[in-house]
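> Here it is, the structure, as structure tokens.
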Amino acid sequence: MCKQASYTKYQKRIIKFLNDLLGSEIPFKYERTQSNHLKVLIDGVPKPIYTGSTPSDCKSLNNFMADVKRELKASKVVLQSPLKSKDPVAIRQQKDSLSKLMQSCIKSCRTRIDVLKQREVEAVIANKSVDVIATLRDEVIKHSLSHALQGRKAIGYIKPREMRELEGMLSKHLAFMLPTLAFYSELISAKNKIKPVVMEEGKPERKLDLVAVSLQKKNDFARTSNSSASNDSKAIEPVALLNTQQSSAQELMSLSKANRVSLLRGVTKAQALELIEDIQQAMAMNREQDIDAVISMIQEKDLPLEMIISRMEAA
């Protein structure tokens, strides 16, 4: 999920509307599509809801709000009642404070959901077990609540029962925003199917990724076929041997599109999902590296953030 600063003003208004409407009771998540549209998923609503990056007319926001409420009503999702509570003023104020505290924790987790997901993927692969997920999410919940409480001194003492309710509510939101245990189980199964491959005689074994293993099998088949065919035959495109100095990803991209598609057809569904996940993770790591480089340049040149933000909004 992108950071809040990467969304348009219209999309930020949509996100604020969802926060105000759904509150801390109903989990939801959002992400930008390749066409720069906003894709919204709400717990209990069976299908995603889309909106554009900029309003097509002055009633776009109202139309989107009406669509969301219509889908909630059709899915029988119960919103918080706007009626005033009969509790004493002090109790109502405490409930309002706890609700604001929970919304702050949820927003904090939602803005760094990519980092949390990457952390879980790395922990599951390293431990080869999904049991570590519960521990990681408990740590995230306790850290988020502790950080939010430090910024809200006026809340005062929170009873153990109220704290358990807050932790359970935040756990529900994290479970909706992060991948399921079934996803991580398939990830572990796919990783276990990848075995080390010997590249050259006299050199130690090194682990190759899924694409490299499949590519080596394709190269063996191509060499066998070319040995029996004539030298001027061009039915099969020659494939170079894997070079230890060149990554398997670059070797794969050096093939033609038809050969890449033919090569990847032998990949199972679980392996394909894992490969897609690895590509997304690599893109996220590159994005984080680019962000760090930009931040370093801003700090080195002592550039004012206000001017940069104003230039980006004007662009």
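The values are calculated or read from the model by the stated rules, or taken from the named source; none is laboratory data. It should be emphasised that the depicted structure is a prediction, and the values quoted were computed from it without experimental measurement. Note: ideal-geometry Cβ built from the backbone for every residue, glycine included; neighbour counts use all protein chains shown.
> Tell me, which helices (runs of 4 or more DSSP H) wholly within segment 213-315 include 1 or more residues that are at pLDDT below 80 and exposed (fewer than 12 other Cβ atoms within 10 Å of the Cβ)?
So the answer is 248-253, 269-301, 305-314.
> Which of the residues spanning segment 177-193 are exposed (fewer than 15 other Cβ atoms within 10 Å of the Cβ) and under 18 Å from the mean Cα position of the chain (by Cα)?
Thr180, Leu181, Ala182, Ser185
> Is it true that some residue in segment 114-130 is in contact with an Asp or Glu (Cβ under 9 Å, 6 or more places away or on another chain), assigned to a loop (DSSP other than H, G, I, E, B), modelled with pLDDT of 85 or more and not aromatic (Phe, Trp, Tyr)?
No, segment 114-130 contains no residue that is in contact with an Asp or Glu (Cβ under 9 Å, 6 or more places away or on another chain), assigned to a loop (DSSP other than H, G, I, E, B), modelled with pLDDT of 85 or more and not aromatic (Phe, Trp, Tyr).
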